[in-house]
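Everything below concerns the one structure shown next.
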Amino acid sequence: MPQSLNQKVTNTFIKGLITEAGELTFPADASVDELNCLLERDGSRKRREGIDFEELSVDSTFSVNDTDIVKVDTWHNVAGIPDKELLVVQVNNKLYFYDKGDIPYSGNQLTSFSWVLNSSTTSSTSFITLASLGYTGLGSINDDKCEFTSISGMLIVAHPSLETTAIIATLDTSSGSSVWSFNVEPITFRSRDFKLLSNRTALSEPVAESTVSADRVYDTRNSGWVGEKGAAALSTYFNTTPFEFPALNLSWFAGKNSSGNFTVAEWKKVQAGSSVIGQGHNLVNFFNRDRSALGSYTTRAGGTISLPSSLATEVIKDRFSTVVAMSGRVFYSGLNRGNHEESNVLLFSRIVEGASSSVSVDSTGLGDCHQKNDPTSEDFPDLLDDDGGVIRIPEAYGIRKLHQFNNSVFVFAENGVWQIKGVDDVFRATGFAVNKISSIGLFNRETFVSADGIPFWWSDQGIHTLGFNDQTFQAAENNISLNTIQKFFDKIDATQKNKCTGVFDPINKRIFWMYPKKDEGIKAKLNNFLILDISLQAFYPWTVSDVSVDSPEILGASYYKGFSSAVLEFNIVDGDEDTVVNANGDTVIKYDNGFVSTGEPALIFLCRNASSNTVSMAFFYKTDFKDWGSANYSSFAEAGYEFMGDLMLRKNAPYIQVYSRVTETGWTGNETSGYEPIREGSLLVSSFWDFSKAGTQQQQAYRLKSIPIVNSSNLTDFGYPDTVVDTRLKIRGRGKSMRLRFESEEGKDFHLLGYGVLGATNRRF
């Protein structure tokens, strides 16, 4: 019986890897399995290039051991210089810096700078140590990664075992070279004390001085019965009502007579009921609330009695683990180690003032998380727009990450996501709202990635993002792995997920999540990649191969935008535009910062050289398609199941047509030694019938139709007349379904555009 021929239109891989479809429902233009391919926006598949250290690579002055914590981040607008960026590298309790303003990237470590802490200067050093900024609390600095944010040219450093710290940079370029110095200063956090210490139900009644508790004394003062006017009112009360503390259901200034003086008679005329007046007169150290040191009261006899010593100091033994800057303020949160009532709290500073080496951090307002005016004051109790403050999210626990986007702060906790949004899209201390967005929380803070402001993160359930309403900016959570790669995600175990870190490539709109292989013994090593192309909403994986001995290791990554600020040299000219010279005839030179190109925008990877334990920079650029110069890796993409329009009849595929872009870019060599093509192409194809794990013999699908001619005078021209190679292949075998696998050949490139299938269907079962 004659066969029926069917032509399948050309397939691409534009949907990336899909694991959430069955054999009978697998979508077109997706891959069943793949590795080490680069998905282009046109749906084509390229072989990824090999990773290796950059040319002219320079080793760091520091080393990284197998058990070390490593974190990589960027300090923006350093010292207030536009586009000046420093790469910040945390290794345990030390910070190292690289200037991102020139190439080679690894050759720009700051190796001789000075820094000041507590009036003590450390000179000619290559690192800032955080050891002296620790405290007797919970955990070690070496247990966690720092988090950083930049504001007003400063770097804010947060860590759960570290005093939250500001680093102020100074760059002196007057000599023609970059001379760096840093002021390192822990931030002192101050807040209004709104806590009632005594029993609320008893505050609407007076209490005898003889039986008054320390808590009640403190609450009396903290409610405004203090200061010149408040203390005088309290003294008057004592003299009129012997040995009795007033009820705290009414402010003292409610008892003023027509002359403006406090009298007990006028005060008692006011019917206050059982309400409790506001607290907050006292400013306290947020982490060390020594309330006994905050005052005293005057007795009926005119004597002064200090607050009872039984009023214990309240100490919080962990520190902020997450920090973000927004609207000229800094927001702090993540008190997760201790069992205390501040675990769901978020502090925000007042509007931060500029800083310099001559300005103390305290004067910038970084730690002023409170209302400037006394809320218990008779005259000026108002909360101001630019004040700092405290926000509590009662339902939240395990706050992992703060994120700023479009004048909102998003709070990512273990049990959900909240949005803190200002009124009219402007955050003010006087007006904001807190809304819960999702019950899906954040598994590991380092998996969080901001992609042009849009958050992406890993939970224990999958990979998530937020979508936003264009009119209301209302956010909604979306699990983007659920219908795409959930099975792949679930196979990544908890240890791997806990060590995962992410970075965003804003040019190509790709997120790179990096995580270790299973049972990896080196703490900071990352050799597996899960990549999300945001434009296509498609995932695909990479794996970096190891060399046999002392293999390099990826520790982290940072995006380099390709331009920055650098020291430039200018000749001084006079009004006639003639060069100015000094008495010795030397040209007068001025040095200043300007913008320079630093190469192509790219993701740059911080890597350890395992033979020396030093670090350097690497990226994916090797066209020999070997990692670290010698480690071979395979690149492949396996298409979905093809039934050729029928589930029941057996078929064969007489032919497939494979379309590839010409990969060769020229020649290398000479007439004596011979010429070899640069980026020589090869693409091997095999077929799998009826869900079999065994495929047919591989065939070469990259066949040039003519032999290119070498032009020795122009080796950058490969000499091939076409840009696309199309190859027709005879496919052996038959069955009810077929899938195709496209795979690399060692040391050779491929760029698969797509393929078509000419299928033949039998007329019988």
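The values are calculated or read from the model by the stated rules, or taken from the named source; none is laboratory data. Since this is a predicted model, take the numbers as computed values, not measurements. Note: ideal-geometry Cβ built from the backbone for every residue, glycine included; neighbour counts use all protein chains shown.
Condition check: surrounded by 18 or more Cβ atoms within 10 Å (Cβ to Cβ) and polar (S, T, N, Q). Does Asn65 satisfy that?
Answer is no for this residue.
Go over the candidates Gly719, Gly681, Gly674 one by one and state the one that is without any contact (Cβ under 8 Å) to a residue 12 or more places away in the chain, within 26 Å of Phe625 (Cα to Cα) and surrounded by 15 or more Cβ atoms within 10 Å (Cβ to Cβ).
The conditions single out Gly719.
Take the residues in the range 12-31 that are aliphatic (A, V, I, L, M) and at pLDDT 95 or above; name whichever of them is surrounded by the fewest Cβ atoms within 10 Å (Cβ to Cβ).
Ile18
For Leu56, all conditions in the list (1) in a loop (DSSP other than H, G, I, E, B); (2) surrounded by 16 or more Cβ atoms within 10 Å (Cβ to Cβ) hold save one; what is the number of the exception?
Tallying (1) in a loop (DSSP other than H, G, I, E, B); (2) surrounded by 16 or more Cβ atoms within 10 Å (Cβ to Cβ), Leu56 fails exactly one: (2).
I'd like to know if the range 378-395 contains one or more residues that are of a type in the set (Lys, Arg) and over 27 Å from Leu283 (Cα atoms).
Looking through the range 378-395, none of the residues is of a type in the set (Lys, Arg) and over 27 Å from Leu283 (Cα atoms).
If you go through the range 269-283 one residue at a time, do you hit one that is farther than 30 Å from Pro160 by Cβ, of a type in the set (Val, Ile, Thr) and loosely packed, with under 13 Cβ neighbours inside 10 Å?
Within the range 269-283, one or more residues are farther than 30 Å from Pro160 by Cβ, of a type in the set (Val, Ile, Thr) and loosely packed, with under 13 Cβ neighbours inside 10 Å.
When residues of the range 455-467 are filtered for being surrounded by fewer than 17 Cβ atoms within 10 Å (Cβ to Cβ) and either within 26 Å of Thr149 (Cβ to Cβ) or in contact (Cβ under 8 Å) with a residue 40 or more places away in the chain (or both), how many remain?
Of the residues in that region, 1 qualify.
Do any residues in the range 508-520 that are without any contact (Cβ under 8 Å) to a residue 40 or more places away in the chain and more than 16 Å from Pro601 (Cβ to Cβ) have Cβ atoms under 9 Å from those of residues that are crowded, with 21+ Cβ neighbours inside 10 Å and of a type in the set (Lys, Arg), where the two are at least six apart or on different chains, and which pairs are they?
Sorted first by the residue in the range 508-520, then by its partner, the pairs are Pro516/Lys525; Lys517/Lys525.
Matching residues to (1) assigned to a loop (DSSP other than H, G, I, E, B); (2) among the polar types (S, T, N, Q); (3) closer than 23 Å to Asn479 by Cα:
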site: Lys497; (1), (2), (3): no, no, yes
site: Ile511; (1), (2), (3): no, no, yes
site: Ser535; (1), (2), (3): yes, yes, yes
site: Ile554; (1), (2), (3): no, no, no
site: Tyr559; (1), (2), (3): no, no, no
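Need the failing condition index for Asp519 against (1) modelled with pLDDT of 90 or more; (2) of a type outside the set (Val, Ile, Thr); (3) outside any strand (DSSP E or B), just the number.
Result: Asp519 passes all but (1).
How about the range 749-765: which of its residues are surrounded by fewer than 20 Cβ atoms within 10 Å (Cβ to Cβ) and either modelled with pLDDT under 80 or not in a strand (DSSP E or B) (or both)?
Leu758, Ala760, Thr761, Asn762, Arg763, Arg764, Phe765
Would you say Thr188 is assigned to a helix (DSSP H, G or I) and either of a type in the set (Ser, Thr, Tyr) or not assigned by TED's automatic domain parsing to the domain that holds Ser124 (or both)?
In short, no.
Could you run through the range 631-646 and say how many residues are assigned to a loop (DSSP other than H, G, I, E, B) and modelled with pLDDT under 95?
Qualifying residue count, the range 631-646: 6.
Please specify each residue of the range 37-47 satisfying the condition of being within 25 Å of the chain's Cα centre (by Cα) and either buried (at least 20 other Cβ atoms within 10 Å of the Cβ) or in the same structural domain as Gly107 (by TED's automatic domain parsing) (or both).
The one that is within 25 Å of the chain's Cα centre (by Cα) and either buried (at least 20 other Cβ atoms within 10 Å of the Cβ) or in the same structural domain as Gly107 (by TED's automatic domain parsing) (or both): Leu39.
So which strands (runs of 3 or more DSSP E) stay within the range 230-349 end to end and still have 3 or more residues that are within 19 Å of Asp368 (Cα to Cα) and modelled with pLDDT of 90 or more?
283-285, 322-326, 329-333, 345-348
Kindly indicate which of Gly139, Gly101 is assigned to a loop (DSSP other than H, G, I, E, B) and surrounded by 17 or more Cβ atoms within 10 Å (Cβ to Cβ).
So the residue among Gly139, Gly101 that is assigned to a loop (DSSP other than H, G, I, E, B) and surrounded by 17 or more Cβ atoms within 10 Å (Cβ to Cβ) is Gly101.
Given the condition over 30 Å from Asp493 (Cβ atoms), touching a residue at least 60 places away in the same chain (Cβ under 8 Å) and loosely packed, with under 14 Cβ neighbours inside 10 Å, answer yes or no: does some residue in the range 375-390 qualify?
No.
Write out, first by first residue and then by second, each pair whose Cβ atoms fall under 6 Å of each other, whose residues are 6+ apart or on separate chains, and whose first residue, in the range 685-711, is without any contact (Cβ under 8 Å) to a residue 12 or more places away in the chain while the second is β-branched (Val, Ile, Thr).
As it stands, the answer is none, since no pair meets every condition given.
Give just the number: which of (1) in a strand (DSSP E or B); (2) under 28 Å from Lys626 (Cβ atoms) does Arg739 not satisfy?
If we test Arg739 against (1) in a strand (DSSP E or B); (2) under 28 Å from Lys626 (Cβ atoms), just (2) comes out false.
Given the condition at pLDDT 85 or above and either assigned by TED's automatic domain parsing to the domain that holds Lys84 or surrounded by fewer than 17 Cβ atoms within 10 Å (Cβ to Cβ) (or both), answer yes or no: does some residue in the range 587-603 qualify?
Scanning the range 587-603 turns up at least one residue that is at pLDDT 85 or above and either assigned by TED's automatic domain parsing to the domain that holds Lys84 or surrounded by fewer than 17 Cβ atoms within 10 Å (Cβ to Cβ) (or both).
Search the range 180-236 for residues being under 46 Å from the mean Cα position of the chain (by Cα) and among the basic types (Lys, Arg), and hand back the single one that is nearest to Ile128 (Cα to Cα).
Here the residue is Arg190.
Could you say which residue among Ser174, Ser181 is part of a loop (DSSP other than H, G, I, E, B), in the same structural domain as Phe97 (by TED's automatic domain parsing) and under 20 Å from Leu86 (Cα atoms)?
Just a single option satisfies the conditions, and that option is Ser174.
Is one or more of the residues making up the range 113-126 part of a strand (DSSP E or B) and under 30 Å from Glu520 (Cβ atoms)?
Within the range 113-126, none of the residues are part of a strand (DSSP E or B) and under 30 Å from Glu520 (Cβ atoms).
Filter the range 454-483 down to residues that are acidic (Asp, Glu) and at pLDDT 90 or above, then give me how many there are.
Count: 2.
Could you say which residue among Arg732, Arg728 is surrounded by fewer than 16 Cβ atoms within 10 Å (Cβ to Cβ), outside any strand (DSSP E or B), touching a residue at least 24 places away in the same chain (Cβ under 8 Å) and basic (Lys, Arg)?
Arg732
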